[in-house]
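What follows is one structure encoded as structure tokens, with my remarks underneath.
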Amino acid sequence: LWVTKDGSTFTQISTSPWSALLYVPSQNWLIAAGETGMNLYNPQTLSLLKQIPEAACDAYGAACRILPSGVEIWLGSKTRGVCQITTNTSLIYKVEYYYGSNDGLPEDWICAYPVADSVLFATSVGFLRFVSPSEISALSGASQTAGDGIRGYFDISPFPAGSNCKSVTCFTYHPTTSFIALDNFACRIDMTNHSADNSWFQTMNMGRNNCMFTDGNTLWIGADEGLVVFQISAAGKSPGFSAVVSGFTIGSDSVLWAGQCPYSAKVPVIAYPLNTLRIHLASLYNDNGHGLQYSWMLEGAGEHYSEWSESNELTFNNLSEGEYILHIKAKIPGSAIPSEIQVPFRILPPWHRTWWAYVIYAIVAAALVFLLIFLNSRRLVAKNKKLEEIIRIRTREIREQKDEIEKQKETIEEILKDLNDSISYAQRIQQAILPSHEILEQCFSEHFILYRPRNVVSGDFYWGTRVNDWIVITAADCTGHGVPGAFMSMLGMSFLNEIVRKKEIINAAEILNQLRAYVIEALKQSGYQGSQKDGMDMSLCSINTQTGMCYWAGANNPLWFIRKEDIGREVKDRADIVQEIKADKMPVAIHIKMDSFTKHELKLNKGDLIYMFSDGYADQFGGPKGKKFLYKSFKRLLGENASLPMKEQGEKLNAAFESWLFNHNENYEQIDDVTVLGIKI
């Protein structure tokens, strides 16, 4: 450590290596810190006042703060954090170290700097400040003091604005304007608002800034690549400068203008093939190797200026025809007042977009249109002649086809008339064979017959006759419907006449057994694959008019009856009053099961109701959801109308069937023949 008082004579006062020095005028102390500790000297007498070996560190910057109780000295370091030394006028001291993230510090270099009445610590992440134990106690609202065992910590400082997470390599304080190096860029700090501005030093490039000092008028910056002396009083004043267009080249190499004087020629008119422009700018301004900054806008091709750049050559490729004005602004780095140059020029359109070219286009287009119309007219005339010939041929063919269709229509109408006449005649025959209402009324004064063939003739039939005191009656459903079903129904009624009227058989089961034999024999049914299996399902009753005894047998179709005493009975579901005798599960025809039909005996009383029917009513699709009517609904309908006269019951059943088919959003077709026979004893 060497000391000079006059600048020419130096005196050595220590041989120890020191890496940080600090002069404290208020205490008349010269502080030296390094690997051997910290020494306090009197700079006047050059005497050693105090040695503090506990403060040994690779010191990197020193700062102090005058407190009411003494002096607080801070030492930064490159690898050992921060050392705090507090002492009084009697030089009784205390040493405290802070290191690492637990204390809020980075684990690399830290440099202490005085800032007014406080101390800040420069780091690679910005300035840090020390939060003392007394400040912690005040923030927490406790009454503790620093001596109560609370340890301080380091926190991010907002000074200067925008410096957070930026490396602070050097700093110098001045009450009005301070200076700092942020990420190796020198900046001035306006102490009124603490904002950092780099505009004064944009052209300075000296590597890492290591130290700074200012006396208010001059700033010294020590950097890796030398010493910078900056005159603060001259900063921000714009020296006179000028920028000129030194070259104007069009096309690949046609020079329109070249020279060092300002460009002042008339507005150039440029042919379209030469619509590539290169404009060169020149200026005598130079600041540490940096020239003017330029920003341009080509009026006629855009509305926004380009970013500021030191490039002094502008290139425009393939410009469209039109009037243009090139606006060029020039300024020195950091200046906010640019000057402007205007370069007007005009680019002619290419030959194919000139007025005389458009005239030629119009003439050629008119000629092409005329030619197309002429050729198209000739083509249409030829096409019309061809079409007329085709129409004559087609008309003759259509007339011949029409005559042929009319002949075929007449033939088909005759066939249909004969067929309809035959079916109508078959209907009259079938109606003649069916028992008349007068015959049924002689047997049963109250009854109804609901008979709805799907087609003109029906595969369902009802039949009845009287043998002495017995009335034999049945409702049958033959295989199929229409003409095939009608043939089977007439065959069935013929066999019943043979069995019941001639042979006077009244046993219901025996009648079905013999009817099955007749059907098998008549249709030559053998049971082999491919042979006839047509037959009929039926419900047959033999009722004694004197005793009320009823013999019943059924082939797939049951017998339903309602007792007189149940008609007025209160039940939850009216279907429950309808009783059922189930039929044998085999038809009146050849079948895999050929047992004798079961004879059921039933004693009927006056006022009882019996019902026989085919499956057409219950299997009919309809209603709001297009589903089957079903036997359960059929039973309920009979139970609800059981108290009505039999004729009205038949009307109710017919009305319900019509409603199920048609009184909904969709109308349904009848899918099978329907026969329902109701009798009141």
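No lab work stands behind these numbers, since they all come straight from the coordinates. None of these values were measured; they are calculated from a predicted model. Because the Cβ atoms are built from the backbone with ideal geometry, glycine has one as well, and the counts that use them run over all protein chains shown.
Numerical summary
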quantity: R0 of 35 Å, Cβ-Cβ distance LYS5-ARG65: FRET efficiency to nearest 0.05; calculated: 0.80
quantity: Residues whose placed amide H lies under 5 Å from that of GLY34, excluding near-sequence neighbours; calculated: SER19, CYS57, ALA59
quantity: Spin-label pair ASN605/GLU565, simplified geometry with 7 Å Cα→Cβ offset, distance in nm; calculated: 0.5 nm
quantity: Interchain or long-range residues, amide H under 5 Å from ILE270's placed H; calculated: ARG346, ILE347, LEU348
quantity: Sites GLU323 and ALA116 - FRET efficiency at Förster radius 56 Å, r taken between beta-carbons, to 0.05; calculated: 0.35
quantity: Length added when fully stretched, PHE370-MET549, from 0.36 nm per residue minus Cα-Cα; calculated: 53.8 nm
quantity: Relative contact order (%) - criterion: Cα under 8 Å, at least six apart; region: the chain; calculated: 6 percent
quantity: Extension reserve of the ASP421-ASN217 stretch, reckoned as 0.36 nm per residue once the Cα distance is removed; calculated: 60.2 nm
quantity: Loop sites in the stretch 578-669: GluC sites (Glu not before Pro), DSSP, at most 11 other Cβ within 10 Å; calculated: GLU666, GLU669
quantity: Helical contribution to [θ] at 222 nm, DSSP H n ≥ 4, -39,500 (n - 2.57), averaged over the chain, rounded to 500; calculated: -8000 deg cm²/dmol
quantity: Taking ILE270, ILE473 and counting other C-beta atoms within 10 Å, the order from fewest to most; calculated: ILE270, ILE473
quantity: Cα pair count fraction exceeding 25 Å, expressed as % - the stretch 374-479; calculated: 59 percent
quantity: Part-to-part distance (alpha-carbon centres) for the stretch 12-63 and the stretch 74-127, which is given in Å; calculated: 16 Å
quantity: Charge dipole magnitude, Cβ of K and R +1, D and E -1 - the stretch 434-680, Cα centre, debye nearest 20; calculated: 360 debye
quantity: FRET efficiency, 1/(1 + (r/R0)^6) with R0 56 Å, evaluated for ILE405 and SER643 via beta carbons; calculated: 0.40
quantity: Linear extension gain, SER124 paired with SER526, 0.36 nm per residue minus alpha-carbon span; calculated: 133.6 nm
quantity: Axial C-alpha extent at least 18 Å, average Kyte-Doolittle at least 0.5 - helices from the chain (DSSP); calculated: 482-496, 508-522
quantity: For the stretch 354-430, convex hull of alpha carbons as volume per residue, Å³; calculated: 104 Å³
quantity: Given (1) 1.39; (2) 1.17; (3) 2.36, the label whose value is Cα Rg over 2.2 N^0.38 Å derived from this model; calculated: (3)
quantity: P(r), alpha carbons of the stretch 1-151 - 10 Å bins starting at zero, rounded %; calculated: 10, 38, 35, 13, 3, 0
quantity: Selection from ILE577, SER47, SER306, by position along the positive dipole direction of the chain (Cβ); calculated: ILE577
quantity: Contact order normalised by residue count of the stretch 266-386, Cα under 8 Å, 6+ apart, percent; calculated: 27 percent
quantity: Two-site label geometry, GLU310 and HIS280: point separation in nm, points 7 Å out along Cα→Cβ; calculated: 1.9 nm
